[in-house]
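Okay, so here's the structure we're looking at.
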Amino acid sequence: MQEQVRIKQLSIVEDHIEELADLLVDVVNDGASIGFLPPLTKAESRVYWDDVIQEDVRCFVLIENGKVVGSVQLQLCMKKNGLHRAEIAKLMIHPSARRQGYGRRLLDAAETSAREDKRTLIVLDTRDGDPSNLLYQSHGYIYAGQIPLYARSETGELDPTNYYYKILK
């Protein structure tokens with residue numbers, strides 16, 4: 001049976017709240033550095049997702065065979081001097097769905113949306129040493145530098161984060 005994969009932009013999260021809550025719990029408890037520390041509960045995850053959809057946030061989900069297995073957010077800068085830029089945030093792929101090009105597809109969707117919103121610069125940060133660094137570099141993002149001691153890890157250590165940018169054409 002051929003797998004069906006599609007990307008959907010959400011205007012509300014209610015239709016997928018349980019799957020999104022499970023996705024966030026699974027990726028955080030698997031070690032992803034996306035603003036939370038394990039153990040993350042489903043209740044905490046639901047609170048987060050309830051507040052995601054805002055005027056300045058575009059949220060995309062990747063659905064495989066009817067199930068949400070990935071998500072990314074494009075956060076539009078609304079400052080007068082930053083209306084040309086956006087930030088990639090919370091790119092997450094369920095551990096069982098990794099290495100299938102889903103992260104790349106979600107990035108493509110976010111970049112397309114950025115272009116539609118007349119954004120010409122995308123920035124992002126990710127923990128040093130995470131596989132996401134290779135994904136972003138292979139997708140044309142340029143390493144801009146590192147901030148040490150940026151985010152606390154599950155072990156209590158403070159990890160550095162790497163900043164990247166991409167100029168959209």
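Details
- Any hit, the stretch 23-43, residues being farther than 26 Å from T155 by Cβ and touching a helix residue (DSSP H, G or I) at 6+ places or on another chain (Cβ under 7 Å): no
- Close pairs from the stretch 9-23: first at pLDDT 95 or above, partner surrounded by fewer than 20 Cβ atoms within 10 Å (Cβ to Cβ) and of a type in the set (D, E), Cβ under 8 Å, at least 6 apart: I17/D50
- Within the stretch 11-31, not a single residue is surrounded by fewer than 20 Cβ atoms within 10 Å (Cβ to Cβ), in a strand (DSSP E or B) and charged (D, E, K, R).
- Number of residues in the stretch 68-90 that are basic (K, R) and under 24 Å from D130 (Cβ atoms): the value is 2.
- Look at (1) assigned to a strand (DSSP E or B); (2) under 15 Å from the mean Cα position of the chain (by Cα) and you find that Q146 fails only one, number (2).
- Looking across K8, K42, one residue alone is closer than 14 Å to E64 by Cα and either charged (D, E, K, R) or surrounded by 14 or more Cβ atoms within 10 Å (Cβ to Cβ) (or both). It is K8.
- Selection within the stretch 158-169 - over 15 Å from S138 (Cα atoms), loosely packed, with under 13 Cβ neighbours inside 10 Å and in contact with a strand residue (DSSP E or B) (Cβ under 9 Å, 6 or more places away or on another chain): L158
The values are calculated or read from the model by the stated rules, or taken from the named source; none is laboratory data. This is a predicted model, so every value here is computed, not measured. All Cβ positions, even for glycine, are placed from backbone atoms using ideal geometry, and neighbour counts span all protein chains on display.
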